[in-house]
Amino acid sequence: MSRIFRAVIMGPPGSGKGTISERIARTFGLQHLSSGDFLRENIAARTEAGQLAKTYIKKGLLVPDHVMTRLLLPRLEEIARHSWLLDGFPRTLAQAQVLNGACDLDVVISLNVPFETLKDRLRHRWIHPPSGRVYNLIFNPPRVKGVDDITGEPLIQHEDDKPAALVARLRHYKDVAKPVIDLYKSKGILHTFSDTDTDQIWPHISSMLRVKIPAPPTPSAQSTPAH
């Protein structure tokens, strides 16, 4: 990659952000920075900001903007010379404004997935809390039902993934995300992709990114004769 490239991916719970992010990172050689992973790492390492975040999470509250920015910005400074994709941050307009002050983004990807699809995906979603690994009983089930593939520890289903809580959760995301999406739209860097299937969305995202950042050559690509 000839220059530093910075991107953000947004989408409601169950929209496939993690799956798409992994594909982007693998295909285009970007570092995938997940705010959820970063939170867990800081909590496990018992950093000051991680301990502060833990107090909110234990109460079932969202981690406030000032704590999230305190966690994320030093990490972004550490990898200032690398290209990255940020997943799960910024979540609010305040976080987006702080990020704007720290760096210039090239692309913001927004995933627009119908409510019924999200509800169906989350109904089948189970999580390994210590690692954050996510399973879906339909298209990404654990090898043994109810337990994590790597540790063998039990999986749980979040209360807020259950139908009763889901409507409020998705409505909250929509309300909070709208000013962030409007901000990036006004900057001309927002790209929205809509479908019910991640495999249908992916080719469109890949095509858009290939215009912005040519993928690094792979051995298979190098050995394929030109047509």
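The values are calculated or read from the model by the stated rules, or taken from the named source; none is laboratory data. Since this is a predicted model, take the numbers as computed values, not measurements. Here Cβ is always computed from backbone atoms with ideal geometry, including for glycine, and neighbour counts include all displayed protein chains. The protein model used for the area step is the full one, side chains on, heavy atoms only, and it has no ligands, DNA or RNA in it. Shrake-Rupley method; radii C 1.70, N 1.55, O 1.52, S 1.80 Å.
Could you tell me how many of the residues in the stretch 90-102 are open to solvent by 20 Å² or more (accessible area, probe 1.4 Å) and of a type in the set (A, V, I, L, M, F, W, C)?
Within the stretch 90-102, residues that are open to solvent by 20 Å² or more (accessible area, probe 1.4 Å) and of a type in the set (A, V, I, L, M, F, W, C) number 4.
Find the residue count for the stretch 103-148, including only residues that are assigned to a loop (DSSP other than H, G, I, E, B), surrounded by fewer than 16 Cβ atoms within 10 Å (Cβ to Cβ), free of Cβ contacts under 8 Å to residues at least 24 places away in the same chain and not hydrophobic (A, V, I, L, M, F, W, C).
The qualifying residues number 4.
How many residues are of a type in the set (D, E, K, R) and either open to solvent by less than 60 Å² (accessible area, probe 1.4 Å) or not in a helix (DSSP H, G or I) (or both) if we restrict to the stretch 197-214?
Of the residues in that region, 1 qualify.
What helices (runs of 4 or more DSSP H), lying completely within the stretch 30-89, carry at least 1 residues that are in contact (Cβ under 8 Å) with a residue 24 or more places away in the chain and not polar (S, T, N, Q)?
35-44, 65-78
Looking at the stretch 30-40 only, could you name the residues that are at pLDDT below 90 and open to solvent by less than 60 Å² (accessible area, probe 1.4 Å)?
Correct list: G36, F38, L39.
Of the numbered conditions (1) open to solvent by 30 Å² or more (accessible area, probe 1.4 Å); (2) under 21 Å from A94 (Cβ atoms), I43 fails exactly one; give the number of that condition.
Among (1) open to solvent by 30 Å² or more (accessible area, probe 1.4 Å); (2) under 21 Å from A94 (Cβ atoms), the lone unmet condition for I43 is (2).
Give the stretch 182-209 a look and list any residue that's in contact with a Leu (Cβ under 9 Å, 6 or more places away or on another chain) and among the small types (G, A, S), or say none.
Scanning the stretch 182-209 gives a single hit, S194.
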